[in-house]
Every structure is written in structure tokens, then in C-alpha cells.
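Please read the structure below before turning to the comments.
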Amino acid sequence: MAEARPWAPRLLWAGVPVALLAAGFLYPLVLLVWQSVSPDTGGHSFAVYQDVFGSEVFRRALGNTVWIAAASTAGCLVLGFVLALVIAFVPFPGARAVARFVDVFLSFPSFLITLALVFVYGSAGMANGLWTDVTGAAEGPFAFLTTPWGVILAEVTYFTPFVMRPLLAAFGQLDPAQIEAASSLGARAPRIVRQVILPDALPALAAGGSLVLVMCLNEFGIVLFTGAKGVTTLPMLVYTKAILESDYPAACVVATVNVAVSLTLYGIYRAVSRRAGA
């Protein structure tokens, strides 16, 4: 009787997760691309791609998606780094409770944070209501929430803890002796942050920033709940084409582009982050 080949059990164990991955992730992507080249008139062609790429709405949505995601990620990186520094290295009562709240915050749905901002800064929100009560004006001055800057504010508010969490973990592994040695040699706080803390934090910063960038590129709920009707992103355009216009081939084209942009920018960001970390 022939002996079983040593690679057979490994192939069997590897085949199960690969099959699940293909069924759960690869098949929907292949189906998405297939539908994008299957116009309603029948057959297969790239005519739908030409129509979508030639529309002003698509070009505006692509531009909005990229720059809003980039601006939101930059804001999350700066704000998350500063807040994580304060929590980790500035002693104050309740620092541990704040760090735990960051973990809880990660479980909140994005629309909950957006609704909170709407209640405060919306056209009928608390800030505008207080302004009209005090000044007697017909309407309040806070109208930025329905603009791209309102979307960026909501995304920075919601996604900053996704940057803070890996940073706090990295700061927890930092040797305090390094900071004490730098301080004893006369280094001030900005120099200690730049030369001691930041180099060790770069991998965590890159990991958090990469995650936030991808999530911002694909964020739908925040744009929808801010009521920013003039802000069309690729996810919003997919919703419009598929649900409101019932143009499924065009929706699949936009979704395919959205996936491609996400993977491309994620790859670029990771490459730059690895070089910065090195």
C-alpha cells in the first residue's frame, strides 16, 4: 500500500479556507466585474464603462471620494496621534477610563456619531437653535455639515479611535527608560516625541492610517446621514444607480472602480508606510 504523500494533508487543510475565501469574497468580485460588462441590451461589452467614465457625475464622485478620504485620513492621523500621546504620557485622572472608552467607541455604528453631529450642528440642531434664540436671526450660521467639510468632520470624529487603538498599544510597549534618558540629556518634549516616540509608533500609525483610508474610501452611511446631497462619492453613486435608477450595469461599473481605487491607494499607502517605518 502506497504511503500518503506528506503534502496531501496540508493541501486538504489549505483547501477549506481557500474555498471559503473564494466563495465569500472572490466570487462576488468576479460576479461584480462580470455584471459590469453585461449591458441590459444583451451580450458583453465595455460600452457601459465608456458611458460611465464619460459622465461628469462619475468624475465628480471619483474626485470627491479620493480627496475626502485623504483629508479624513490625514485628520485622523494627526488627531489620533495627539490624543494617544496625551492619554499615554500625560498623567491625568481617568486616563485609563478614557483608554477603555476608545475600545467601546470602536463598536459604535457610524450613523450614530453622524446623527449626534446633526443634532448639534444641523439646520435645526442645538447650535443653530441657540444662535437664533440669542440673536433673533431667522437661521443659524452653522451650515457646514451638509458640505464636504461636514463629511470630513464626521469621518474624523468616527474613525480617529481606529488610529488611537494601535497607537496606544504601541505606546504601552515603549521602554520608559528611553524617554527618561532623552529627558535627562536635556531633550524637550517635542524632540522626544519626534526622535524617540514617533519612530517606534510609525508601524502602528501606518496600520491605523491604512485601515482608516480604506474605510473612508468606502464610507456610505456618514455621507447619507449628514444630508450632504451635493456631495456625491462612489458609494453614494452606486446606491443612486442601483436603487434609485435601477441601472445595475452602471452600478457595477462604479463599484468595480471603487474596489480598484481602494486596493490601489491602500497598496500605495502601505508601500510608503513601510519605507517610513524602515
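Per-peptide packing, taken as the mean over residues of other Cβ atoms within 10 Å, places 131-139, 74-82 in the sequence 74-82, 131-139 from highest down. Based on Cα contacts under 8 Å between residues 6+ apart, the chain shows a relative contact order of 27 percent.
Is region 131-230 rounded, prolate or oblate when judged by the Cα gyration tensor, a ≥ b ≥ c being the square roots of its eigenvalues, rounded requiring a/c under 1.5 and prolate requiring a/b larger than b/c? It comes out oblate by the Cα gyration axes. Would you tally the net charge around Leu79, using a Cβ to Cβ cut-off of less than 14 Å, leaving Leu79 out, and scoring K and R as +1, D and E as -1? Net local charge, Leu79 excluded: 0. Note on region 191-212 and region 60-106: Cα centroid distance 13 Å, given to the nearest whole angstrom. Around Val163, with a cut-off of 14 angstrom between Cβ atoms, what is the net charge of the other residues, counting Lys and Arg +1 and Asp and Glu -1? Neighbourhood net charge equals -1.
Judged by the ratio a/c of the largest to the smallest principal axis of the C-alpha gyration tensor, region 179-224 counts as prolate, that ratio being 1.5 or greater while a/b is larger than b/c. A DSSP coil position with no more than 16 other Cβ atoms inside 10 Å describes the following trypsin sites (Lys or Arg not before Pro) in region 121-224: Arg188. Of (i) 8, 35, 40, 16, 1; (ii) 6, 21, 25, 23, 16, 8, 2, 0, 0, 0; (iii) 7, 28, 34, 20, 8, 2, 0, which is the value of P(r) over Cα pairs in 10 Å bins from 0, in percent derived from the coordinates here? Looking at P(r) over Cα pairs in 10 Å bins from 0, in percent for this model, the match is (ii).
Laboratory data are not the source of any read-out in this text; all were calculated from the coordinates shown. Quick caveat, the model's predicted, so the values are computed rather than measured. Positions of Cβ are generated from backbone atoms using ideal geometry, with glycine treated the same way; all protein chains shown enter the neighbour counts.
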